[in-house]
1. Give me the residue from segment 104-130 that is among the small types (Gly, Ala, Ser) and closer than 20 Å to Gly6 by Cα and, out of that set, farthest from the chain's Cα centre (by Cα).
2. So in segment 9-33, with the set limited to residues that are surrounded by fewer than 24 Cβ atoms within 10 Å (Cβ to Cβ) and without any contact (Cβ under 8 Å) to a residue 60 or more places away in the chain, which one is nearest to Val88 (Cα to Cα)?
3. Pick out the one residue from Gly94, Gly6, Gly68 that is more than 21 Å from Glu143 (Cα to Cα), of a type outside the set (Asp, Glu), in contact with a strand residue (DSSP E or B) (Cβ under 8 Å, 6 or more places away or on another chain) and loosely packed, with under 15 Cβ neighbours inside 10 Å.
4. Of Gly82, Gly107, which residue is in contact (Cβ under 8 Å) with a residue 24 or more places away in the chain and assigned to a helix (DSSP H, G or I)?
5. Listed residues Ile113, Ile106; which is touching a Leu at 6+ places or on another chain (Cβ under 9 Å), surrounded by 12 or more Cβ atoms within 10 Å (Cβ to Cβ) and among the aliphatic types (A, V, I, L, M)?
Amino acid sequence: MDYVIGIGDYAISQTRGDCLKTYALASCVALTVYHPMLKAAGMIHMALPSPNNDLEARARPAYYVTTGIPLLLNLFQKEYGGSVKELVIKLFGGAYSVNEDDYFRIGMKNVSIAHQILAERHIPMMFEETGGYISRSLIMATEKGDVKVIAYPITI
């Protein structure tokens with residue numbers, strides 16, 4: 001089964017043959033998790049670094065990096081067990097805006113917050129493909145946890 005993960009969405013699976021997919025990561029970031037012994041995979045597509053208030057955080061926890069990463073890690077561990085230290089974690093997206101007046105620099109902030117959350121939890125990131133002026137789409141298979149990246153330039 002294919003799971004298409006939209007902005008502010010996530011999925012986990014341990015079913016052989018399943019694929020987790022997300023499209024058009026620009027300033028958004030996606031975090032993938034994979035447990036090699038359990039053959040379980042997860043992916044989340046996050047748009048913004050953090051919510052403005054608790055109401056936003058509760059309404060859309062996967063939309064924000066500060067709430068989305070803990071949500072995915074906790075759900076993954078609750079569903080499949082194992083230690084988060086055994087996970088293969090990868091980060092994608094966080095592109096720069098082609099707009100010279102990119103005052104908010106959302107892509108860079110998303111990446112920075114993701115690094116901070118993982119560091120606070122002492123969870124190593126195994127791979128990262130972030131930044132640049134490219135949009136990325138991802139396809140992740142549950143069997144091996146490999147992530148195929150399809151990248152294309154961001155244009156105005």
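Here, each number is a calculation from the coordinates, and none is a lab measurement. Owing to the predicted nature of the structure, the values given are computational and were not obtained by experimental measurement. So basically every Cβ, Gly included, is an ideal-geometry build from the backbone, and we count neighbours across all protein chains shown.
1. Per the criteria, the residue is Gly107.
2. If we take residues in segment 9-33 being surrounded by fewer than 24 Cβ atoms within 10 Å (Cβ to Cβ) and without any contact (Cβ under 8 Å) to a residue 60 or more places away in the chain, then Ala11 is nearest to Val88 (Cα to Cα).
3. Result of the check over Gly94, Gly6, Gly68: Gly6.
4. None of the others qualify; the one that does is Gly107.
5. Ile106
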